[in-house]
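K.L.:
One structure coming up, written as structure tokens, with questions to follow.
The values are calculated or read from the model by the stated rules, or taken from the named source; none is laboratory data. Remember, it's a predicted structure, so these values are computed and weren't measured experimentally. No Cβ is skipped: glycine too gets one built from the backbone with ideal geometry, and neighbour counts run over all protein chains shown. To get the accessible areas, we keep the full protein, side chains included, count just its heavy atoms, and leave off ligands, DNA and RNA. Shrake-Rupley method; radii C 1.70, N 1.55, O 1.52, S 1.80 Å.
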Amino acid sequence: MTTTESDVSQLACLQTLSAEQRNELEAAVRAEKVQQLADYLEISEEDTVKRLSEDSGLALGDTDAFDLEVLHSLPIRIVNEYHVVPLRDSGDEQLLILATSWLPNRDMDDWIFATSGKEVSWRLASPEKITKFITANLGVGAESLDESMDFMTDSSAVEDDEEDENAAIIRFVNQVVSQAIEDGATDIHFEPQEDTLRIRYRIDGLLVAVPVPENLRRFQDAITSRLKIMAKLNISERRLPQDGRINYKMGGNTLDIRLSTISTMYGESVSLRLLNKKSEPLSLEQLGLPDEDQAKVDSVLALPHGIILVTGPTGSGKSTSLNAFIRQINSTDQRIITIEDPIEYEVPGVNQIQVRPEIGFDFADALRHVLRQDPNIIMIGEIRDKDTADIAIRASLTGHLVFSTIHTNDAPGAVTRLVDMGIEPFLIASSIEMVIAQRLVRRICDSCKKMVPIDPVSLRNSLASLEINPAAMNGVTHLPEPVGCENCRQLGYRGRLGLFEILRVDEHYHDLIVRRESARAIRKLGLEQGMRTLEQSGWMQVKRGLTSLEEVIRVVSMTQGNEEE
């Protein structure tokens, strides 16, 4: 006999819950009930499903036996509302085996029989695996757009149909953003194609295509309009690019979403940058900065004045490093002011300023006013021009510790970039204390990585491409290799870590800078002084088992050959 939801209160695993908890559990949607019960019982979701199986008598379903063909034969609304996935056919043509995340009820039996003509045999399975299977094969938000199509079939109620379609579009957009947050994406791209609307997330620095419903192209204009409305933009303007901001709340998180639109051949392309105001920024140690390099950074952070520059391309973690500096030295006896665009992390006790270029309040203008605010430490989001660079350097020479970023390929290149901006070399030599070049590589997934024996010839060639001495492979017999599992979305990588090239600008570099020597000459001296290059930093992380050699080559080789002379 099948246990139904009317019998749920009799289950042993629910007897320890309070009346309030039972009411909350009853009100939760099916897809979230197991997670909520797991929180109440303080056990894992997997153990919760096992407890439900033992108490109810329903067998556990084999998640490796999910049946894609049968899934497509079921109405999308039933699949999502009941949170069910079919299992492989038992051989009985009149029997449908379904896995669900919560105990079934008689209404579910009736509706599924009405739509499929088959009796149902129920199993229990992990809600997370059911959700992933549905999303991967039907697309994000498939049930929302399926409902809107049904609403549009009734020509006698056009106004009601439009309201229902609008509600469906709102749900769809919310689901896309929610899924991006859950996957740890930093960007969402809505890209019109000839036959579909492609949606991609940027996860760990790489773009990942998102499964979408087959009929998504039909709702492209409505989705774009919804995003524009959220950002308070002009929905009738489809020719000119527009930029806006969305204050998006989800659970306990508040996101500052930066939205940009631009017209393309098949419609407007919309890009969203997701900034979580409450996210906990990583420390340099968490980013993978070795202990010996951390000691070098600490010694400069303890100085009363000077400039520390962090350099690298967009998306290399520069803002994360600046915020790590601020959090490390933040104290009640230091007045710290930051000038940012945008403010990515909130730091308690720090005065954070958002620049407003549209009203003429840019980095240089903000910096001039900040210097009248009696700061000890100033953080400038980016040095983009001579005016900002000049004020920042003079601020450091008058007793302020200044942090900022600049776009160059490596650490020595930051020095020559300032010279190219028109800053006098003697000012650079007197003010710059440290330059840190960095990159972010994907961290290899601990759950599925495997250590494989090296191929000496192949490894030697790889090290040569990174300009690393072949002697560095001495003693190395195995290296990590990505595999792919559920925890890493079958990518083999999960999260990112940093590669660092640290140039301590001391008296050894003074004459080179004043003589306007090239970045290559400064780099050569840095190597003589023991500077570890980005390539060497990457190889060290490979030997530590934190990333793969292929990933280091992919990231570092993108900038080789472009270094300033």
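K.L.:
Rounded, prolate or oblate: which fits the stretch 71-129 when a ≥ b ≥ c are the square roots of the eigenvalues of the alpha-carbon gyration tensor, with rounded for a/c under 1.5 and prolate only if a/b beats b/c?
P.N.:
Working: a/c = 1.43, a/b = 1.21, b/c = 1.18.
Rounded is the answer for the stretch 71-129, as its axis ratio a/c remains below 1.5.
K.L.:
Could I ask something else about it? Got a sec? What order do 525, 401 fall in by accessible area at 1.4 Å, biggest, i.e. largest, first? Display every interim value, and only then the final one.
P.N.:
Values: 525 30, 401 5 Å².
I get 525, 401, largest accessible area first.
K.L.:
Taking the Cβ of residue 539 as the center, what net charge do the other residues with Cβ under 12 Å away carry, scoring Lys and Arg +1 and Asp and Glu -1?
P.N.:
On the way: positive: 532, 543, 544; negative: 467, 535, 551.
Value of the local net charge: 0.
K.L.:
Using only Cα atoms, find the angle between the long axis of helix 30-41 and the longest principal axis of the chain, and express it within 0 to 90 degrees, rounded to the nearest 10.
P.N.:
Here the helix axis deviates by roughly 70 degrees.
K.L.:
Relative to the longest principal axis of the C-alpha atoms of the chain, give the angle of the C-alpha long axis of helix 158-182, reported between 0 and 90° and rounded to the nearest 10°.
P.N.:
50 degrees
K.L.:
Once both axes come from the Cα atoms, what is the angle between helix 456-465 and the longest principal axis of the chain, in degrees from 0 to 90, rounded to 10?
P.N.:
60 degrees
K.L.:
Give me the one-decimal nm value for the distance between modelled label points at residue 358 and residue 60, 7 Å along each residue's Cα-to-Cβ direction.
P.N.:
5.4 nm
K.L.:
Still on this model: Taking only DSSP H segments of four or more residues, each worth -39500 (n - 2.57), what value at 222 nm results for the chain once the sum is divided by all its residues, to the nearest 500 deg cm²/dmol?
P.N.:
-11500 deg cm²/dmol
K.L.:
Shape of the stretch 389-509 from its Cα gyration tensor (a ≥ b ≥ c, root eigenvalues): rounded if a/c is under 1.5, otherwise prolate when a/b > b/c, or oblate?
P.N.:
Values: a/c = 3.60, a/b = 2.07, b/c = 1.74.
It is prolate, given that a/c is not under 1.5 and a/b is the larger ratio.
K.L.:
Moving to a separate point now. Whole Å is fine, so just give me how far the alpha carbon centre of the stretch 327-393 lies from that of the stretch 43-102.
P.N.:
Cα centres, the stretch 327-393 to the stretch 43-102: 55 Å.
K.L.:
Computing the accessible area with a 1.4 Å probe over protein heavy atoms, can you report the carbon and sulfur percentage for the chain? Walk me through the numbers on the way to the answer.
P.N.:
On the way: 12680 of 27110 Å².
Reported share for carbon and sulfur atoms: 47 percent.
K.L.:
Now for a separate question. Share of antiparallel DSSP beta bridges in the chain, in percent to the nearest 5? Can you show the working numbers first?
P.N.:
Details: 52 of 82 bridges.
Here the antiparallel bridges make up roughly 65 percent for the chain.
K.L.:
Here is a follow-up. Which entry is the computed semi-axes √(5λ) of the Cα gyration tensor in Å for this structure: [x] 51, 29, 23; [y] 68, 26, 23; [z] 31, 27, 26?
P.N.:
From the options [x] 51, 29, 23; [y] 68, 26, 23; [z] 31, 27, 26, the structure gives [x].
K.L.:
Find the accessible area per residue for the chain; the probe is 1.4 Å, ligands and nucleic acids are left out, and the unit is Å². Kindly include the intermediate steps, with their values, before the conclusion.
P.N.:
Values: 27110 Å² over 565 residues.
Ligands and nucleic acids excluded, the result is 48 Å² per residue.
K.L.:
Explain nothing, just the number: relative contact order of the stretch 402-550, from Cα pairs under 8 Å at least 6 residues apart, as a whole percent. Before the final figure, lay out each step's value.
P.N.:
On the way: 210 pairs, mean separation 49.3, N = 149.
Once normalised by length, the contact order is 33 percent.
K.L.:
Here is a follow-up. Find the cysteines in the chain that fail to meet the 4.7 Å Cβ criterion with every other cysteine, and list them.
P.N.:
By the Cβ distance rule, which asks for a partner under 4.7 Å, the isolated cysteines are 13.
K.L.:
Quick one: putting +1 on the C-beta of Lys and Arg, -1 on the C-beta of Asp and Glu, what dipole do you get for the chain around its Cα centre, in Debye to the nearest 20? Mind dumping the intermediate values first?
P.N.:
Values: 59 positive and 91 negative charges, 460 e Å.
Using Cβ point charges on Lys, Arg, Asp and Glu, the chain gives about 2220 debye.
K.L.:
Tally Lys and Arg at +1 and Asp and Glu at -1 over the other residues with C-beta under 12 Å from the C-beta of residue 128: what net charge comes out?
P.N.:
Working: positive: 129, 132; negative: 32, 45, 46, 182, 486.
Its environment carries a net charge of -3.
K.L.:
At a 1.4 Å probe radius, which order do 265, 434 fall into by accessible area, largest first? List each step's numbers first, then the result.
P.N.:
Values: 265 160, 434 0 Å².
So the residues, ranked largest to smallest area, are 265, 434.
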